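A quick write-up on the structure given underneath.
The values are calculated or read from the model by the stated rules, or taken from the named source; none is laboratory data. All of these numbers come straight from a predicted model, not from anything done at the bench. FYI the Cβ positions are ideal-geometry reconstructions off the backbone, even for glycines, and counts take in every protein chain you see. The protein model used for the area step is the full one, side chains on, heavy atoms only, and it has no ligands, DNA or RNA in it. Shrake-Rupley method; radii C 1.70, N 1.55, O 1.52, S 1.80 Å.
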Amino acid sequence: MAAPKACVLVVDDDCDIRDLIARLLTTEGYSVVTAADGEEMSRLMAQRPVDLILLDVMLPGQDGFELCRQLRSDTEMPPVIMVTAKDDEIDRVVGLELGADDYIVKPFSGRELLARIKAVLRRARQPAVSGKRGAYRFSGWRFYPAQMELYDVDATAIPLSTSETELLLAFVQNPQVPLSRDRLLDLTKGRDSFPFDRSIDSHVSRLRRKLGDDAKKPEIIKTAWGTGYMFTYAVEAE
């Protein structure tokens, strides 16, 4: 007997859309639970574990962006795919900067939705640091990729998402070397990690903030004009 597939929590205030997605995913063997808003989402998550959240942006009460921000404050939370009717780049960037793992725009095909769910679940199940259990030190910072944690000079723990961990690992293993976006894609998990060509810029922006790097005049992750980015600090591996 085949092992059961992941449990997907569908959060959307439109009951017809919830039912449509639930039927599609159930047909593909997924376990599905649904919620109409953030309150119901939280209640369901307290009752059972879920492996992925399909989160609509336009919700009554707290919108999907705010809920995503809250979810990402806990490193134990499952991956999130944002769903919206807004085909606007700024909305995609906002969602990614808040920690969403992917973004899909209504109307979408069942095939596209299934492909995105499979890709996000695949990289969530594959540790970003397979076989790399050490630590990295740079300018008073310590980075533990296996734990997906960064410690500042005051030894305060700063949790990282999977994508942020992969990106920082690529930087610390290639310090003081300009890296193009294509090279960064090669060093991480490629298009699975960064579903939009320019979304790597959003992940760099988030990583800079966690490092306290001034977005206007970054000193740690500098923009290499015409190339990509460069991690400027010297790094020691432990």
>> Can you compute the modelled spin-label distance between SER139 and THR26, with each label point 7 Å from Cα toward Cβ, in nm?
In response: 5.4 nm
> Over what distance in Å are the Cα centres of segment 221-236 and segment 1-48 separated?
Replying inline: 41 Å
> Would you list GLU164, GLU76, GLU66, GLU238 from the most to the least accessible area, probe 1.4 Å?
Replying inline: GLU76, GLU238, GLU66, GLU164
> With r defined as the distance between the Cβ atoms of ARG111 and MET58 and R0 fixed at 25 Å, what FRET efficiency is calculated, to the nearest 0.05?
Replying inline: 0.60
> Can you give the FRET efficiency for ALA155 and LYS216, using 1/(1 + (r/R0)^6), R0 = 25 Å, r = Cβ-Cβ distance, to the nearest 0.05?
Replying inline: 0.35
>> If packing is taken as the average count of other Cβ atoms within 10 Å, what order do 211-221, 110-120 fall into, highest mean first?
In response: 110-120, 211-221
>> Could you sort the peptides 19-26, 8-15 by per-residue average Cβ neighbour count (10 Å cutoff), highest mean leading?
In response: 8-15, 19-26
>> Under the rule a/c < 1.5 gives rounded, and otherwise a/b versus b/c splits prolate from oblate, where does segment 7-125 land using the Cα gyration tensor?
In response: rounded
> At q = 0.18, 0.19, 0.23 Å⁻¹, what base-10 log of I(q)/I(0) does the Debye formula yield for segment 136-237 when every alpha carbon is treated as an equal point scatterer in vacuo?
Replying inline: -0.80, -0.90, -1.38
